[in-house]
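The values are calculated or read from the model by the stated rules, or taken from the named source; none is laboratory data. All of these numbers come straight from a predicted model, not from anything done at the bench. Because the Cβ atoms are built from the backbone with ideal geometry, glycine has one as well, and the counts that use them run over all protein chains shown. Please note that ligands, DNA and RNA were not included when accessible areas were found on the heavy atoms of the full protein model with its side chains. Shrake-Rupley method; radii C 1.70, N 1.55, O 1.52, S 1.80 Å.
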Amino acid sequence: MKVLFYGTNSYDEHFFKKIMDEYPQISIDFTDANIHKETAALAMGYEAVCAFVNADLGGEVIRELAEYGVKLILMRCAGFNNVDLRQAAESRVEVRRVPGYSPQAVAEHAMALALTANRHTHKAYIKCRENDFSLTGLMGVNFFGKTAGIIGTGKIGRAMADICRGFGMRVIGYDKYENPETGIHYLPLEQVLRESDLLSLHCPLTDETRHLINKTTIGSMKDGVILVNTSRGGLIRTEDLIDGIRAGKFFAVGLDVYEEETPYVYEDLSDQIMQTSTMARLLSFPNVVVTSHQGFLTVEAVEAIARTTLQNAVDSMEGRATSNELTGLMQE
């Protein structure tokens, strides 16, 4: 099977090449171009393409890929809200993903964001580099004894809950599908929002969860809450978040994902003028920390992504159905 990897970063190439000898059935070519309507033609002659969470795999692109003979889309990530599954089904293009590469990697980054935003570590680092050793603007709060609210209690949410317990926090949570084995005290969403000192989002982006954090839900939160999002940017209505920050509702905010990330994520735009004001406004707040969708980026996680992605290709070649296949969702 010939596979074209779109949007390749140096770490992708390194970790995939490292294990290629274990998968002699697969031949890979890499391109740093991301996939969208203008670059879909690069897939001509390939049986499969591999894409990441920032790819454009809408209906038009998938139809074009199918015309070029692509039979398989390998998502080297867990999320697939950027893939038109219905069109994939109609075009007879199979889609497989990597649902669980390292929950701990994302959860640890969520806590890192919470700690950095809370204790202003990012500001302290810059101040000290400029020989400013004053403590002005660096006051934080203890996490010990506070309440952590986990919204979405899948593998990542459960890993975050374990970390919060390690900090001596009371852990409560909300999930549409409660799991009694998590040890999390489940409550209605409204109550989780109302009682939490730290809110961490770990749910998928669906029509039901889009803009879960909005003017109304922000209003029901505690004053001085810390909000962290390492899941999907669309969970938060950014304009309402900005209004809440300006109103002093949040003690701190940590974002690894955001609504406007598609033009920015994984791109070096340091020599350009930002064309939209939303991101600029977020970056202007002293109590907001933004990272570029790097929650997954650990050695262990990328190794697991590489191995599962290539195994997905082999499973597809051999007609083996697994839980990583999105065929069932495509048929809904």
(request) Go through the range 1-34 and give me each residue that's open to solvent by 20 Å² or more (accessible area, probe 1.4 Å), over 22 Å from I62 (Cα atoms) and among the aliphatic types (A, V, I, L, M). (result) M20
(message) Please verify whether A110 is of a type in the set (A, V, I, L, M) and touching a Ser or Thr at 6+ places or on another chain (Cβ under 6 Å), treating the condition exactly as stated.
(response) yes
(request) Starting from the range 196-221, keep only residues that are part of a loop (DSSP other than H, G, I, E, B), then list their pairs with residues that are among the aromatic types (F, W, Y) whose Cβ atoms are within a distance under 8 Å, requiring at least 6 positions of separation or different chains. (result) D197/F143
(request) For the range 149-164, enumerate the residues that are under 18 Å from E195 (Cα atoms) and either at pLDDT below 95 or not aliphatic (A, V, I, L, M) (or both). (result) G149, G152, T153, G157, C164
(message) Taking the condition of being surrounded by fewer than 21 Cβ atoms within 10 Å (Cβ to Cβ), among the polar types (S, T, N, Q) and closer than 22 Å to F143 by Cα, how many residues in the range 189-206 meet it?
(response) 1
(message) Contact list please: Cβ distance under 7 Å, first residue in the range 6-26 and touching a residue at least 24 places away in the same chain (Cβ under 8 Å), second residue aliphatic (A, V, I, L, M) and assigned to a loop (DSSP other than H, G, I, E, B), pairs at least six apart or on different chains.
(response) Y6/A33; Y6/I35; Y6/A55; G7/I35; G7/A55; Q25/M1; I26/M1
(message) Which pairs turn up if I take residues in the range 100-114 that are under 15 Å from R232 (Cβ atoms) and look for partners that are part of a helix (DSSP H, G or I) and open to solvent by 10 Å² or more (accessible area, probe 1.4 Å) with beta carbon separation below 6 Å, at least 6 apart in sequence or on another chain?
(response) V106/I156
(request) Look at the range 233-247 and say how many of its residues are open to solvent by 10 Å² or more (accessible area, probe 1.4 Å), aliphatic (A, V, I, L, M) and touching a strand residue (DSSP E or B) at 6+ places or on another chain (Cβ under 7 Å). (result) 1
(message) Among the listed residues T217, T182, T230, identify the single one that is open to solvent by less than 50 Å² (accessible area, probe 1.4 Å), in contact with a helix residue (DSSP H, G or I) (Cβ under 6 Å, 6 or more places away or on another chain), closer than 18 Å to A148 by Cα and at pLDDT below 95.
(response) T182
(request) Identify all residues within the range 43-88 that are closer than 19 Å to R320 by Cβ, hydrophobic (A, V, I, L, M, F, W, C) and in contact with a Leu (Cβ under 9 Å, 6 or more places away or on another chain); write none if there are none. (result) A48, C50, I73, L74, M75, A88
(request) Could you please let me know if D240 is more than 16 Å from the chain's Cα centre (by Cα) and not in a loop (DSSP other than H, G, I, E, B)? (result) yes
